[in-house]
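The values are calculated or read from the model by the stated rules, or taken from the named source; none is laboratory data. Predicted model only: the values in this text are computed from it and were never measured. Note that we place each Cβ from the backbone using ideal geometry, even for glycine, and neighbour counts take in every protein chain shown.
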Amino acid sequence: MLIQPIVENTIHHGIFSLKKEGNVKLVVNKTTEGLEIKVRDNGLRIKKSKIESKTKKNTESLIIKILKEFLMIFSRQVKEKLDFTVRNLSDFSEKDTRTEVRFNLPFEVLKT
């Protein structure tokens, strides 16, 4: 339920407009606290100014708003913090053109 809209959003906004071959990579890592889920693409980068202005009204995509709200509500119910981030990996390496959406699901959340 959480991964599908992120992948669809990645394809729609990051991959469709590419003039080269695009790819989407789903990575699920088991950590000591739970699962870390990453969706990465080599599509169009999110402008840094757009990421930084996410706290401003009407700048965030609808699906990201819905997912963040869902995770916030779910987090309160299970009393566990659920992190959700969107970032350009190019911020860390100029050669890296990927965008990454990452969130975590603690084991306590997975039991419910």
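Among what's in the range 41-98 and is more than 18 Å from His13 (Cβ to Cβ) and of a type in the set (Ser, Thr, Tyr), pick the residue that is modelled with the lowest pLDDT. Step by step, filter the range 41-98, then rank; the result is Thr55.
Just so you know, in the range 10-39 the residues that are in contact (Cβ under 8 Å) with a residue 60 or more places away in the chain and assigned to a helix (DSSP H, G or I) include one that is farthest from Glu100 (Cα to Cα), and it is Gly14.
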